[in-house]
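Here, each number is a calculation from the coordinates, and none is a lab measurement. Bear in mind that the values here come from a model prediction, so they are computed numbers and not experimental data. Note that each Cβ is placed from the backbone with ideal geometry, even for glycine, and that neighbours are counted across all protein chains shown.
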Amino acid sequence: MKSKSLRVLFICFVLPLSIFSQDKFTLRGTISDSNTNETLIGVTVLISELQTGTSTNEYGFFSITLPEANYTIQISYLGYKTINRSINLNQNLNLNFSMEESSESLNEIVITENVEKLDLKRPQMSVNSLSINTIKQMPVVLGEVDIIKSITLLPGVTNAGEGSSGFNIRGGSVDQNLILLDEATIFNSSHLFGFFSVFNPDAIKDLKLFKGGIPAKYGGRVSSVLDIYQKEGNSNNFKLSGGIGLVSSRLMAEGPLKKNKGSFLVAGRSSYAHLFLPLFDIDNSAYFYDLNTKLSYRINDNNSVYLSGYFGRDVFEISDSFENTYGNSVLNFRWNHLFTDKLFSNLSLIYSDYYYGLKLNFVEFDWNSGIQNFNLRYDLKHYLTPKLKLEYGLNSIYYSFNPGEIRPTTETSGINSFDLI
């Protein structure tokens, strides 16, 4: 009887300890598009045997720690072919995957039940993620795909009024939204007084809209955060694309700096309707132009660097008496570093500038104002377990405000130089 009790105690205490102490190893890697080598955001990585998994972050990186065993990995993403791979996880593995686009011809669909099945993986609420392919399938204005106009079709989002590219989230105002382009702040999201947004759809890869429960890393906003990421460029082949619209035309060039390691992207856009106004004896004009650039380079498996920028201007003129110029300029340097298989870091040095100027020749003075933003960010993501990810970091922001500078343009001007404080 005594020996039987000892055996029961051994099973109850020793066996769980042996299971708990089972060796565990980490599988990590990057998932990208096979044609362009663009990293893919939000790709699902599922471990079939354990019915657990993870997803790629904003830079296409994933990490998951599992007990030693043989597993079947299923990698899936909307619009791409699913990848199934068998692995023997007996050591830490670094596996990178390239996904191929999938296109199928479907027969007609007959709906027999009104049942919506949702596979919820995370409890995060009020978040919408959209790829540029999805946005390009939405209705457009004057033949131009518009990022801001597209998100107004989402629940809880309304436009800021006719002729405005801003948006309101559930009663909030336009100035309560934080808009980021590659982590850099965009202070004014409109072109041509609100008819178009500053985001060139050819250069955009992905966006995420937070309508509530905004993560702490964004610093907090009253209404929402719109986080937009630019493409990295095709590191396999040189590609030239563009389009001609009713109001504006665009051109984009992308290609490898070094095949499969580095890439560049340059995209420009400009309106040209003002060129036809002199034909109708109209001296007024209104036009815009912008430029998106990005350089990406993967130094090794643990280090990648990115340099991205944006420059845009709007110009509105009434004869020779009035000229209004405004626009954004941003520059961002990022360094991705992998300390361990479970610890991912991103260092960002960011510069944002918004300029607003008036030339009032009929009263002989110029008005200039603006705001500058210098931002240092260091973010870390720690993949502790398949179900627990810890995000932390540092963020320091310096603002420089220019409320207004008034300068006379002629010696006969009745205006003295004046700086608003």
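Observations, loosely collected:
- Think of the chain as a dipole: +1 on every Lys or Arg Cβ, -1 on every Asp or Glu Cβ, centred on the Cα centre; then among N200, N368, L390, L390 lies furthest on the positive end.
- Along the chain, the longest continuous region that contains none of the GluC sites (Glu not before Pro) in a DSSP loop with at most 13 other C-beta atoms within 10 Å is 163-410.
- Cross-link pairs exceeding 22 Å between alpha carbons, from the set K239/K259; K239/K261; K149/K211; K231/K342; K208/K231; K261/K381: K231/K342; K261/K381.
- Of the residues L95, V43, F418, the one whose Cα sits farthest towards the positive end of the charge dipole of the chain is L95 (charges of +1 on Lys and Arg Cβ, -1 on Asp and Glu Cβ, taken about the Cα centre).
- Relative contact order of the chain, pairs being alpha-carbon contacts under 8 Å that are 6 or more residues apart, as %: 10 percent
- Neighbour-count ranking [beta-carbon atoms within 10 angstrom, fewest first] of I179, I132, I244: I244, I132, I179
- The convex hull drawn around the Cα atoms of region 23-99, when projected onto a plane and averaged over every direction, covers 4.6 nm².
- Under a model in which nothing but the beta-carbon of Lys, Arg (+1) and Asp, Glu (-1) is charged, the chain shows a dipole of about 2520 debye around its Cα centre.
- With the convex hull drawn around the C-alpha atoms of region 323-377, the volume per residue stands at 57 Å³.
- When Rg and the Kirkwood Rh are both derived from Cα coordinates, the Rg/Rh ratio for region 324-421 amounts to 1.31.
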